[in-house]
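Each remark here refers to the structure printed beneath this line.
The values are calculated or read from the model by the stated rules, or taken from the named source; none is laboratory data. Because the structure is predicted, anything quoted here is derived from the model rather than measured. FYI the Cβ positions are ideal-geometry reconstructions off the backbone, even for glycines, and counts take in every protein chain you see. All accessible areas refer to the heavy atoms of the entire protein, side chains included, with ligands and DNA or RNA removed. Shrake-Rupley method; radii C 1.70, N 1.55, O 1.52, S 1.80 Å.
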Amino acid sequence: MSDFYQDGVITNFHNLTNRKVEELEYDLQVFSGRRSMGLILPSLFSELEGPALSRIVDELTKVPYLEEIVIGLDRADRDQFLFAREFFSRLPQRHRILWNDGPRLTALDEELKKENLSPNEPGKGRNVWFCVGYTLASRRTSVVGLHDCDIVTYSREMLARLMYPVANPNFHYDFCKGYYARVADGKFNGRVGRLLVFPLLKSLQIVYGHSDFLEYLRTFRYPLSGEFAMRTHVLNDLRIPSDWGLEIGVLSELHRNTATKRICQVDIADNYDHKHQPMSEEDASNGLQRMSIDITKALYRKMAILGVNITSESFRILKATYYRNALDMIDGFENDARMNGLSFDRHSEESAVELFSGAIMEAGQAFVDTPSEKPFIPSWSRVQSAFPDMLDRIHEAVEKDNEGDV
């Protein structure tokens, strides 16, 4: 698959020697004396009932260098929150659970909404945003990592490799993105990345002209990965999308705020698998169809911010260009699969491309129809300007939820 990627805009760390995780962790323990480290885990309560998160917690119990773990818990009632407190209690590190649906955080959220400073919709973006707020309020870490809670092949080596470039005080990186091969059960996964994002980025350059931003995005081996680490000072001015465009939105913000020489990516796993979303062909509000629309809208917004004149007429050209580029890439993926002894269902691949082609048009129409839409949750620096004590109040609410009666 290397033919479809470009290197050179940001630093890329390869996994060349399979260095032992114990060696990485020893270094990170040394680094922690100068750069304390934390981890954010955005989670749904339903993930506590699956096999992936239990394995993740088991692995994290062995991690020696983390100062704090911040867990965002969505869709949980009181009994489920109490269950979560017990579930995560085996973590030896200091850890705090944000009960996002609990009365204390809900009351603060309502206060923020009155000033249009709170996320408009529930979801991963909102969960991460509140976790970022608590991390800033806690002031315990100078480096923070984030990864999803549905990784069924998780190992603590993933976290160590992800944190290393940002935690090493001899390196100058402010942000690190994780990547990995999306191969499991004898076939390629990662359809949205392979079949939407890569051909779409190429097509956007063909239709709208060369862009340093698009070149920057094309450098990432897996721009949709949910695993990244950053210096905590980056978080204050980070504006987070509330929808499925979270990962693209974060990379866009980094491109705006941070020099590319301070951004890197790292190979964190030989084998990676997680919960897969359904295609949801009949329902544009769910599954990969919703994801593809949100991601495409995020790209349109960024292009418009850069001064590109995106019109309704150009979407038809973009759709046709994308369709041809995606089909050409399918040829390459099929050859790659055959060479590596993987199964390959060309019909399902081309069906996905047809679905994504429709998403390009639908996202374009939504972009044109809602010019006043606010795609980003306000940064925490803006929130603190309006509510100077809000971070302290969030910290107090979380402490009471975790250590007192609820």
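Which one of S32, S46, S89 is surrounded by 13 or more Cβ atoms within 10 Å (Cβ to Cβ), hydroxyl-bearing (S, T, Y) and out of contact with any strand residue (DSSP E or B) (no Cβ under 8 Å at 6 or more places or on another chain)?
Numbers: S32 fails: out of contact with any strand residue (DSSP E or B) (no Cβ under 8 Å at 6 or more places or on another chain); S89 fails: surrounded by 13 or more Cβ atoms within 10 Å (Cβ to Cβ).
Just a single option satisfies the conditions, and that option is S46.
Looking only at residues in segment 114-139 that are assigned to a loop (DSSP other than H, G, I, E, B) and open to solvent by 50 Å² or more (accessible area, probe 1.4 Å), the one that is nearest to E59 (Cα to Cα) is R139.
Kindly indicate whether E334 is at pLDDT 90 or above, more than 24 Å from S252 (Cβ to Cβ), under 26 Å from the mean Cα position of the chain (by Cα) and of a type in the set (D, E). Even if it seems obvious, please write down each step before you answer.
Values: at pLDDT 90 or above: yes; more than 24 Å from S252 (Cβ to Cβ): yes; under 26 Å from the mean Cα position of the chain (by Cα): no; of a type in the set (D, E): yes.
Here the answer is no, as E334 does not meet what is asked.
Return the only residue of E111, E59 being of a type outside the set (A, V, I, L, M), under 23 Å from V152 (Cα atoms) and assigned to a helix (DSSP H, G or I). Testing whether each residue is of a type outside the set (A, V, I, L, M), under 23 Å from V152 (Cα atoms) and assigned to a helix (DSSP H, G or I) leaves just E59. Scanning segment 316-353 for residues that are loosely packed, with under 14 Cβ neighbours inside 10 Å, assigned to a helix (DSSP H, G or I) and either in contact with a Leu (Cβ under 6 Å, 6 or more places away or on another chain) or acidic (D, E) (or both) gives D328, D331. Candidates E313, E362: the one that is assigned to a helix (DSSP H, G or I), in contact (Cβ under 8 Å) with a residue 24 or more places away in the chain, open to solvent by 10 Å² or more (accessible area, probe 1.4 Å) and acidic (D, E) is E362. If the condition is being under 21 Å from A137 (Cα atoms), assigned to a helix (DSSP H, G or I) and either aromatic (F, W, Y) or open to solvent by less than 70 Å² (accessible area, probe 1.4 Å) (or both), then segment 368-392 contributes W380, S381, V383, Q384, A386, M390, L391. Taking the condition of a type in the set (D, E, K, R) and without any contact (Cβ under 8 Å) to a residue 40 or more places away in the chain, does D58 pass? So D58 fits the description; yes.
Residues in segment 259-293 that are at pLDDT 90 or above and under 23 Å from E354 (Cβ atoms) were compared, and the one that is surrounded by the most Cβ atoms within 10 Å (Cβ to Cβ) is S292. The condition (being open to solvent by 10 Å² or more (accessible area, probe 1.4 Å), under 29 Å from L39 (Cβ atoms) and small (G, A, S)) is satisfied by just one residue among A167, A160, A181: A181.
Residue by residue, here is whether (1) in contact with a His (Cβ under 9 Å, 6 or more places away or on another chain); (2) at pLDDT below 95; (3) among the charged types (D, E, K, R) holds:
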residue	(1), (2), (3)
F83	no, no, no
R94	no, no, yes
W99	no, no, no
G102	no, no, no
P119	no, yes, no
V132	no, no, no
A137	yes, no, no
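Pairing each residue of segment 95-119 that is under 17 Å from L136 (Cα atoms) with any residue that is among the charged types (D, E, K, R) and surrounded by fewer than 19 Cβ atoms within 10 Å (Cβ to Cβ), provided the two are 6+ apart or on different chains, yields C-beta distances under 6 Å for S118/D109.
Scan L41, L53, L28, L24 and give me the residue that is part of a strand (DSSP E or B) and under 24 Å from the mean Cα position of the chain (by Cα). Give the derivation first.
Values: L53 fails: part of a strand (DSSP E or B); L28 fails: part of a strand (DSSP E or B); L24 fails: part of a strand (DSSP E or B).
Exactly one residue qualifies, and that residue is L41.
Quick check on segment 202-224. Is at least one of its residues in contact with an Asp or Glu (Cβ under 6 Å, 6 or more places away or on another chain) and crowded, with 19+ Cβ neighbours inside 10 Å? Yes, there is a match, as at least one residue in segment 202-224 is in contact with an Asp or Glu (Cβ under 6 Å, 6 or more places away or on another chain) and crowded, with 19+ Cβ neighbours inside 10 Å.
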